[in-house]
Amino acid sequence: MAEKKCCNEKFKTMIGGQALIEGIMMLGPDKSATVVRAKDGIHTKIEPRKTPKKGFSLKKIPFIRGVFNFCTSMKVGVSALMYSANFFMDEEDDDTPVEKQSKVDAWLEKKLSSEKAQGVLVTIAVVFGILMSVGLFIVLPSIIGSVLGNWIHHEIALYLVEGLVRIVLLVAYMFFAAKMKDMRRVFAYHGAEHKTIRCYEAKLPLTVENVRKQTRLHPRCGTSFLFVVLFLSILVFSVASILLKPITPDFDSAILDALVRIVMKLILLPIVVGMAYELNRIVGRFDNWLTKALSAPGMWLQYITTNEPDDQMIEVGIEALRLVIPEEEGADKW
């Protein structure tokens with residue numbers, strides 16, 4: 001399963017990205033850039049990043065900063081995804097991509113300013129996405145765990161089974177998504193994003209030829225972060241269940257038992273995200289047998305979530321990356 005591509009990393013950048021609908025969003029140290037290839041050409045959108053103020057800030061404290069960064073990344077990512085989707089809403093009725101305004105958009109703009117309306121839509125999308133993720137990877141495995149609790153009486157074993165269910169759900173979700181025609185193109189843009197960053201980290205000129213030679217796998221990918229979250233959730237939930245067992249009431253009802261387990265996991269979820277963020281930073285910063293072993297499962301998953309891009313996709317990745325490279329050399333060092 002080895003990826004037979006170049007990976008001559010000279011430094012590690014904090015620049016990361018996200019695949020969109022026919023586009024790529026790159027997030028640099030001081031700005032983000034969204035580049036979309038529509039039928040009428042390339043469209044770009046550059047926005048400044050809100051960085052923590054100098055001095056004390058909760059957003060700088062280890063473990064806590066991970067939660068803030070996760071929410072910010074979600075918001076920026078959803079906003080970029082909505083921007084890219086706007087160009088393709090009317091393609092079935094018109095050969096020229098246009099940005100369509102829905103009735104909801106029109107109502108929001110009437111009640112709020114255009115900028116505030118966009119913020120409301122993005123917030124709703126982020127909240128909905130989080131709720132869907134919680135439902136699929138927290139609520140559903142907890143319900144399954146409560147049912148299996150009738151046969152599995154060892155608490156640690158039960159949480160290990162729940163963790164396995166989460167991993168199976170994640171892999172299955174990605175596998176079936178990769179089979180969808182539109183998602184195959186999104187995953188190819190994901191590959192272009194990784195390859196472009198790899199080329200930049202190898203300090204090679206950002207050309208299509210140089211980018212094409214790079215591997216489509218990257219250890220600091222969001223896919224790897226998700227796997228780290230799942231892995232840590234097994235550990236944290238198991239330890240918490242042992243510590244809280246003496247004060248946790250036993251319920252004869254599987255429904256009440258599931259509710260208690262779900263509430264406990266939701267309370268612990270920010271802790272898991274914060275720990276995953278710090279671990280991801282460590283894994284991304286150092287190259288040794290331990291960090292490679294920790295990043296390996298996430299790298300394997302990228303064989304599902306990335307595809308080899310064509311040259312036009314690579315061009316989009318190059319343009320998006322160029323727009324966020326800081327003026328001061330080294331300012332984006334990981």
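The values are calculated or read from the model by the stated rules, or taken from the named source; none is laboratory data. Since we're looking at a predicted model, the values are computed, not measured. Counting neighbours? That spans all protein chains shown, and the Cβs are built from the backbone with ideal geometry, glycine included. Quick note on the areas: whole protein, heavy atoms, side chains included, nothing else; ligands and nucleic acids left out. Shrake-Rupley method; radii C 1.70, N 1.55, O 1.52, S 1.80 Å.
Sort through Asn210, Asn280 and tell me the only one that's polar (S, T, N, Q) and free of Cβ contacts under 8 Å to residues at least 12 places away in the same chain. Among Asn210, Asn280, only Asn210 is polar (S, T, N, Q) and free of Cβ contacts under 8 Å to residues at least 12 places away in the same chain. From the list Lys265, Lys245, Lys333, the lone residue that is crowded, with 21+ Cβ neighbours inside 10 Å, touching a residue at least 12 places away in the same chain (Cβ under 8 Å), closer than 27 Å to Val67 by Cβ and not small (Gly, Ala, Ser) is Lys265.
From the list Val229, Val324, which one is touching a strand residue (DSSP E or B) at 6+ places or on another chain (Cβ under 7 Å), touching a residue at least 40 places away in the same chain (Cβ under 8 Å) and among the β-branched types (Val, Ile, Thr)? On inspection, the qualifying residue turns out to be Val324.
Among the residues of the range 201-220, those identified as closer than 25 Å to Gly66 by Cα and either open to solvent by 30 Å² or more (accessible area, probe 1.4 Å) or in contact with a helix residue (DSSP H, G or I) (Cβ under 6 Å, 6 or more places away or on another chain) (or both) are Leu217, His218, Pro219, Arg220. Residue check: is Ala157 open to solvent by 30 Å² or more (accessible area, probe 1.4 Å) and in a helix (DSSP H, G or I)? Yes, satisfied.
Would you confirm whether or not the range 198-211 contains a residue that is closer than 17 Å to Gly284 by Cβ and touching a His at 6+ places or on another chain (Cβ under 7 Å)? Scanning the range 198-211 turns up at least one residue that is closer than 17 Å to Gly284 by Cβ and touching a His at 6+ places or on another chain (Cβ under 7 Å).
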